[in-house]
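A short write-up of the structure that comes next.
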Amino acid sequence: MRKNTYQTILSIIAWIGSVQIFMQYVLGLVSGRLMDTERLRTVSIGGSLLSLFSLFMLSLTQRQQYYQILLAQAIGYVSHWEWCSCPPSGLSPNHFTRRRSLAMGIIPTANSFGGFVFSVMFSHLFRGRVGFAMGIRIGGFICLGCLSLAQVLMHQYPKGKLPNEASLSIPASSPSTVAAICKNQPYVLTVLGGFVFNLGLFYPIFNVQLFAREEGFAPTNLIGWFLGIIDLSSCVGRVVLTYLGDRYGPVRTIAPCALISGVLPMTMFLWKGSAAIVAFCVLYGVFSGGVFALLCPAVFSWDSDRRTSGLGLGIACVPFGIASLVGAPLSTALAHVGSGSRTWYAGCIFAGVMEVLAAVLFLVAIFRNNKLQISTW
C-alpha cells in the first residue's frame, strides 16, 4: 500500500512537469502567427507580464494545495514560455543570413543555463532562513530584470525591410497557408520525428536521480546534481552541434545526434557507479540538448517562405507539446520506483526506441528532400 501510494504521488507530480512542457509548446501556434503579423511587442510584453504575475502567485500557494501549484506554475507561469521564447527564435532567421542554426541554438542554451542557476539558487534559498515564498519572490525580481533587458534588445524588421532580403528567397506569390505547409513532406517527417523524439526524451531526465538512488549507485549529495549536470552539458551540445548544423545542415546533423541519444537510454541500466552515472548525464545532456536545439532550425530549413516562418514553427510546436504531455507521465509510470531492474529495463528500451525511431524519420526526410529537390539552408 505504501509503495502504491508513493508511485501515485510521483505520477501526480509528473503531471505538473508534463503540463508545463505541453503549455510551452502548444502556445507556439498562436505566438508564431502573431510574430508573422509583426506583433513582437504584443507577444513579448504579454508573455513577460504573465510570467511575473504567475511567479508571484506561486509564492502565495499553500502547502498540500495541488491545484494552486498546477495553476500558478504548470499553466500560468509556463504559458509565458512560448510567448517569450518564440520571439527570439522566430526573429533570428531574419537577422542572420549565415550561421542561423548556431544563432537559434544559442537561444535555448540560456534555458539550460538558467535552469541550472535557478535550481541551485532555489535549493539554497528554500533550505535556509529565506524559505519558499520569499525565495520565489527573489527569483521573480531577477526575472523582472532579465525580461526588461530582453525587451530592449529584441527588434523586429518591418516586412519589406529585412537585411539582405534578396538572399532570403522570399517568393513573389502570397504567403504559405497551413495546408501548403503541411503538404511539405520533409517538413512533416521532421515534425513527426520531433514528436516521436519527445515521447522518449524525458524518461532519463525524470528518472536518472530515482534510478541512482534506488539502485544505490551514487551518494545522496551527488544525486542532487544530476539534473544540473544534464543542463550544463546540454549547453555544450546546443552550441557545438548547432554549429555543425550550419556546416552540414540541421537535419543531417540532428539525425546522428538523435541516434546516439537513443542508444544511451537503452544502456542506462548498465551504467553503475557514481562516475558512470555522471558520464551518462554528460553524454545524454550533450546529444539530447543538441537534438532539442536543432529541432527549430530543422523545421525552418524546409520553409523557403520567411514570411510564414513563425506559423511553420508554431504548427510544429503542437505535436511536440502533445508528445511531451504524454511522454512524461508515461515515463514515470514505467519507472515503478522500487520494483527492480526489470522495470528500469523496460523504460529504458521504450525511451531508446522512440529516439532511434526519430533518427530514422529524420533520415527519411533527408531522402525525400533529395528526391523532391526542395531548397534548404
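The values are calculated or read from the model by the stated rules, or taken from the named source; none is laboratory data. Just so we're clear, the structure is a prediction, and the values are computed from it rather than from any experiment. Quick reminder, even Gly has a Cβ in these numbers, built from the backbone with ideal geometry, and neighbours come from all protein chains shown.
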inquiry  = If I filter segment 242-251 for residues that are more than 22 Å from Trp344 (Cβ to Cβ) and not in a helix (DSSP H, G or I), do I get at least one hit?
reply    = yes
Filtering segment 253-273 down to residues that are in contact (Cβ under 8 Å) with a residue 60 or more places away in the chain, assigned to a helix (DSSP H, G or I) and farther than 10 Å from Leu294 by Cβ yields Pro256, Leu259, Ser261, Gly262, Val263, Leu264, Pro265, Met266, Met268, Phe269
Within segment 244-274, residues being at pLDDT 90 or above and among the small types (Gly, Ala, Ser) number 4
Of the residues in segment 264-303, those that are over 24 Å from Pro108 (Cβ atoms) and out of contact with any Cys (no Cβ under 6 Å at 6 or more places or on another chain) number 9
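Listed here are the residues, each with its yes/no results for (1) within 14 Å of Met266 (Cα to Cα); (2) hydrophobic (A, V, I, L, M, F, W, C); (3) at pLDDT below 80; (4) in a helix (DSSP H, G or I).
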position: Gly327; (1), (2), (3), (4): no, no, yes, yes
position: Gly338; (1), (2), (3), (4): no, no, yes, no
position: Arg342; (1), (2), (3), (4): yes, no, yes, yes
position: Tyr345; (1), (2), (3), (4): yes, no, yes, yes
position: Ala358; (1), (2), (3), (4): no, yes, no, yes
position: Leu361; (1), (2), (3), (4): no, yes, no, yes
position: Ala365; (1), (2), (3), (4): no, yes, no, yes
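Taking the condition buried (at least 18 other Cβ atoms within 10 Å of the Cβ), modelled with pLDDT under 90 and out of contact with any Lys or Arg (no Cβ under 8 Å at 6 or more places or on another chain), does Leu313 pass?
Values: buried (at least 18 other Cβ atoms within 10 Å of the Cβ): yes; modelled with pLDDT under 90: yes; out of contact with any Lys or Arg (no Cβ under 8 Å at 6 or more places or on another chain): yes.
Yes: the conditions hold for Leu313.
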Restricting segment 236-263 to residues that are buried (at least 24 other Cβ atoms within 10 Å of the Cβ) and closer than 16 Å to Ile107 by Cα, the one nearest to the chain's Cα centre (by Cα) turns out to be Arg238
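Table: residues versus (1) closer than 30 Å to Val282 by Cβ; (2) at pLDDT below 75; (3) of a type in the set (Val, Ile, Thr).
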{"site": "Leu70", "(1), (2), (3)": "no, yes, no"}
{"site": "Leu91", "(1), (2), (3)": "no, yes, no"}
{"site": "Phe118", "(1), (2), (3)": "yes, no, no"}
{"site": "Val130", "(1), (2), (3)": "no, no, yes"}
{"site": "Pro158", "(1), (2), (3)": "no, yes, no"}
{"site": "Asn164", "(1), (2), (3)": "no, yes, no"}
{"site": "Pro171", "(1), (2), (3)": "no, yes, no"}
Filtering segment 219-239 down to residues that are in contact with a Phe, Trp or Tyr (Cβ under 8 Å, 6 or more places away or on another chain), in contact (Cβ under 8 Å) with a residue 60 or more places away in the chain and not basic (Lys, Arg) yields Gly228, Asp231, Leu232, Ser234, Cys235
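Taking into account only those residues within segment 207-232 that are of a type in the set (S, T, N, Q) and surrounded by fewer than 22 Cβ atoms within 10 Å (Cβ to Cβ), which is nearest to Met268 (Cα to Cα)?
Quick first cut of segment 207-232, residues of a type in the set (S, T, N, Q) only: 207, 209, 220-221.
Next, only the ones that are surrounded by fewer than 22 Cβ atoms within 10 Å (Cβ to Cβ) stay: 209, 220-221.
Numbers: Gln209: 12, Thr220: 19, Asn221: 20 Å.
Once the filter is applied, the top-ranked residue is Gln209.
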